[in-house]
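Here the structure is laid out as structure tokens; the discussion comes afterwards.
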Amino acid sequence: MNVSVIIPAYNAENSIRRAILSVLAQGMNNLIEIIVVNDGSTDSTKKVVEKIINENPSCNIYLYTQENSGVASARNLGVGKSRFELIAFLDSDDEWVKNKLNSQINFFYQNPEYDLIAGNFKGLNARFDKLKKIDNSHYYEVFFSDVLLKHYFQPSTVLLKKVVFNEVGGFKEGMTHAEEGLLFYKINHSHRCVIDEEITIIYGQDKHSFNDSGLASNLKKMHEGEIYNLKYIFRENKINKFTFFKLFCFFKLKYIRRCIIKIINKVMIASVK
């Protein structure tokens, strides 16, 4: 199985090198292509990637540049340029752990009935005991009812079949927050998905997903994106009115909790300084 690795990058001059090298460290360069989409960066991201390409002439690393249009557009462009049947995503400030890709490919070989495999990472805080374990493995099947309450799939951990990505229409362009949640809702509703309990990425250089800088740290925008996704799947008849109301209340409470945690953390950091 050949894999196209899609890396969207915006002003990522300080992290993009680590991200790309973590892909090359998988030791599968003859089976993969790396597609970096420079999303209108104003720093030296383009030059850093071009240098990596020159340093690794035998590797299939390609760089495309577009006007700043957001991560959803960048990922869609990357998939559109891809040649292979499997798609893997990697954010420019994340890194894959060794053997991440090989392990996921082997799972697909042995379990062709699944269409998406994701992985664990520090900060996911998943309750794997709530999921259905697959035999005696460290893999768990994730059903649509599971992802309604917990976002198990972080893009950098995911390997999926390109035909499935295209079937659901890819990422919704124009969305700047929670766009991956909508994609995985659509995939998980009609396709079988699985998650690996083992750590597969170093997430954002060990940042907390809603306590540091970056898109996910904008709690208001993330919450608005989650509510948009909820309304979308309701309009698509993927959930009923009762489930919609229950989840709407749940997301509101989760948003309040995150805001409180962020405020407490800021106070604690300030007191230490």
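The values are calculated or read from the model by the stated rules, or taken from the named source; none is laboratory data. All figures in this text were calculated on a predicted structure; none of them were measured in a lab. So basically every Cβ, Gly included, is an ideal-geometry build from the backbone, and we count neighbours across all protein chains shown. These accessible areas exclude ligands, DNA and RNA; they are computed on the full protein's heavy atoms, side chains included. Shrake-Rupley method; radii C 1.70, N 1.55, O 1.52, S 1.80 Å.
Checking the structure you have, find out if any residue of the stretch 75-84 is open to solvent by 40 Å² or more (accessible area, probe 1.4 Å), in a strand (DSSP E or B) and not hydrophobic (A, V, I, L, M, F, W, C). Can you show your working first?
Step one: list which residues in the stretch 75-84 are open to solvent by 40 Å² or more (accessible area, probe 1.4 Å), which gives 77, 80-81, 83.
Narrowing further to those that are in a strand (DSSP E or B): none.
There is no residue in the stretch 75-84 that is open to solvent by 40 Å² or more (accessible area, probe 1.4 Å), in a strand (DSSP E or B) and not hydrophobic (A, V, I, L, M, F, W, C).
Just one of T200, T176 is hydroxyl-bearing (S, T, Y) and at pLDDT 95 or above; which is it?
T200
Can you tell me which residue in the stretch 1-17 is surrounded by the fewest Cβ atoms within 10 Å (Cβ to Cβ), limited to those that are under 17 Å from the mean Cα position of the chain (by Cα), hydrophobic (A, V, I, L, M, F, W, C) and not in a helix (DSSP H, G or I)? Please lay out each step first, then the result.
Here is the first cut: in the stretch 1-17, the ones under 17 Å from the mean Cα position of the chain (by Cα) are 3-10, 12, 15-16.
Applying the additional criterion that residues be hydrophobic (A, V, I, L, M, F, W, C) yields 3, 5-7, 9, 12, 16.
Imposing the further condition that a residue be not in a helix (DSSP H, G or I) reduces the set to 3, 5-7, 9, 12.
On the way: V3: 22, V5: 28, I6: 25, I7: 27, A9: 29, A12: 24.
Filtering first and then ranking leaves V3.
Take A126 and tell me if it is part of a loop (DSSP other than H, G, I, E, B), touching an Asp or Glu at 6+ places or on another chain (Cβ under 9 Å) and among the aliphatic types (A, V, I, L, M).
When the stated conditions are applied, A126 passes them.
Yes or no: V37 open to solvent by less than 40 Å² (accessible area, probe 1.4 Å), touching a Leu at 6+ places or on another chain (Cβ under 8 Å) and closer than 17 Å to G204 by Cβ? Working first, answer last.
Working: open to solvent by less than 40 Å² (accessible area, probe 1.4 Å): yes; touching a Leu at 6+ places or on another chain (Cβ under 8 Å): yes; closer than 17 Å to G204 by Cβ: no.
No.
Between Y114, Y140, which is within 21 Å of N188 (Cα to Cα), touching a strand residue (DSSP E or B) at 6+ places or on another chain (Cβ under 8 Å) and outside any strand (DSSP E or B)?
Working: Y140 fails: outside any strand (DSSP E or B).
From the options Y114, Y140, the qualifying one is Y114.
Name every residue in the stretch 145-164 that is farther than 22 Å from Y203 by Cβ and open to solvent by less than 30 Å² (accessible area, probe 1.4 Å), in order of residue number. Steps first, please.
Taking the stretch 145-164 first, the residues farther than 22 Å from Y203 by Cβ are 145, 148, 161-164.
L148, V164 - these are the residues of the stretch 145-164 that are farther than 22 Å from Y203 by Cβ and open to solvent by less than 30 Å² (accessible area, probe 1.4 Å).
Conditions tested, residue by residue: (1) crowded, with 19+ Cβ neighbours inside 10 Å; (2) assigned to a helix (DSSP H, G or I).
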{"site": "V48", "(1), (2)": "yes, yes"}
{"site": "C59", "(1), (2)": "no, no"}
{"site": "Y62", "(1), (2)": "no, no"}
{"site": "Y109", "(1), (2)": "no, yes"}
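For D43, indicate whether it is in a loop (DSSP other than H, G, I, E, B), under 22 Å from D115 (Cβ atoms) and open to solvent by 20 Å² or more (accessible area, probe 1.4 Å).
The answer is no for D43.
Six or more apart or on different chains, Cβ atoms under 8 Å: show the pairs whose first residue is in the stretch 1-17 and within 14 Å of I35 (Cβ to Cβ) and whose second is crowded, with 22+ Cβ neighbours inside 10 Å and acidic (D, E).
From residues that are within 14 Å of I35 (Cβ to Cβ), the pairs are I7/D91; P8/D39; P8/D91; A9/D39.
In the stretch 85-107, which residues are aromatic (F, W, Y) and either at pLDDT below 95 or surrounded by 19 or more Cβ atoms within 10 Å (Cβ to Cβ) (or both)?
F89, W96
Take the conditions hydrophobic (A, V, I, L, M, F, W, C) and in a helix (DSSP H, G or I) and apply them to I20. Does it pass? Show your work before the answer.
Details: hydrophobic (A, V, I, L, M, F, W, C): yes; in a helix (DSSP H, G or I): yes.
Yes.
Do we find that R192 is at pLDDT 95 or above, within 26 Å of K133 (Cα to Cα) and open to solvent by 30 Å² or more (accessible area, probe 1.4 Å) in this structure?
Against the criterion (at pLDDT 95 or above, within 26 Å of K133 (Cα to Cα) and open to solvent by 30 Å² or more (accessible area, probe 1.4 Å)), R192 qualifies.
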